[in-house]
Amino acid sequence: MLHTARLTTGYLLVPIILIMLMPIPGSISDAKGNYVALGFGLELCQTFLEARSNGLDLPYRHWLTGYLTAVNKLTKETVDIRGTTDIDGRLWLLESYCIKNPLHSFSRAMETLVTALYPKRMTHMPHKHA
């Protein structure tokens, strides 16, 4: 099981890192806001809920962290979209959305999560005390 989790992590992280390193001109979607979701973003919310209820949501957690990292990189005046929300809080928000919208994609649930987190995002790096 651990070997499978490591392989899954590798398969998820490598494309995310490559995408983050690619130059992106202008906006990150077309004029109508359309974009192509990849990987677990294509899955339905109901699939995420099933995985979560069976303790098999690790790949979704990895996709979530990659998505939020990209949001941090590509959103103006955003250092950390999470603000003070921890992983359990983010997953609870996703789960709540997916329970209400089981046929929506996981990427659409993520868009809703980012919208909810945006007002409380960190806009500058915290100062470290010596």
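The values are calculated or read from the model by the stated rules, or taken from the named source; none is laboratory data. What you see is a predicted model; the values in this text were computed from it and never measured. Note that each Cβ is placed from the backbone with ideal geometry, even for glycine, and that neighbours are counted across all protein chains shown. Note: accessible area is taken over every heavy atom of the protein model, side chains too, but ligands, DNA and RNA are not part of it. Shrake-Rupley method; radii C 1.70, N 1.55, O 1.52, S 1.80 Å.
Some values worked out for this structure:
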quantity: Solvent-accessible heavy-atom area per residue, rounded to whole Å², over the range 65-119 at 1.4 Å; calculated: 55 Å²
quantity: Thr84 accessible area, 1.4 Å probe, all protein chains in place, Å² to nearest 10; calculated: 140 Å²
quantity: Order by protection proxy (mean Cβ within 10 Å, highest first), peptides 113-125, 96-108; calculated: 96-108, 113-125
quantity: Simple label model, 7 Å out from Cα along Cβ direction - Leu58 to His127, nm; calculated: 4.1 nm
quantity: Carbon and sulfur %, accessible surface of the range 67-130 computed with the full protein complex present, 1.4 Å; calculated: 57 percent
quantity: Calculated FRET efficiency for the pair Ala31/Ser96, C-beta based, R₀ 30 Å, to 0.05; calculated: 0.45
